[in-house]
Amino acid sequence: MNRTQREAAVRQIMERGTPQVPADLYGDVVRRGSRMLRRRTAARRIMWLLLFAASVAFVVWALTARPWVEPPSTTTPPMRGW
């Protein structure tokens, strides 16, 4: 297919006009779009809730375990000067 044939094919497609859209398609699209929006909003809220719960769990763990404090020694130092 050379350039002139491609241009002619494109012109034919463009001259056809827009195809007829079914009348009930708009309602289906709006319904489907609103459903997708609700799901996306619910997923976003669940993710924020999980992030909040994880941060609270981390803070509670950090306050009880105190990982920044050095653990007590399990052996006694040698005694000198008896």
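The values are calculated or read from the model by the stated rules, or taken from the named source; none is laboratory data. Since the structure is predicted, the reported quantities are computational estimates derived from the model, not experimental observations. Heavy atoms of the whole protein, side chains included, go into the accessibility calculation; ligands, DNA and RNA do not. Shrake-Rupley method; radii C 1.70, N 1.55, O 1.52, S 1.80 Å.
Please specify each residue of segment 1-28 satisfying the condition of being in a helix (DSSP H, G or I) and under 36 Å from the mean Cα position of the chain (by Cα). Of everything in segment 1-28, those that are in a helix (DSSP H, G or I) and under 36 Å from the mean Cα position of the chain (by Cα) turn out to be 25, 26, 27, 28. Residue count for segment 9-58 satisfying the condition of being aliphatic (A, V, I, L, M) and at pLDDT 95 or above: 13. Among residues of segment 64-82 being part of a loop (DSSP other than H, G, I, E, B) and among the aliphatic types (A, V, I, L, M), the one that is most open to solvent (accessible area, probe 1.4 Å) is 79.
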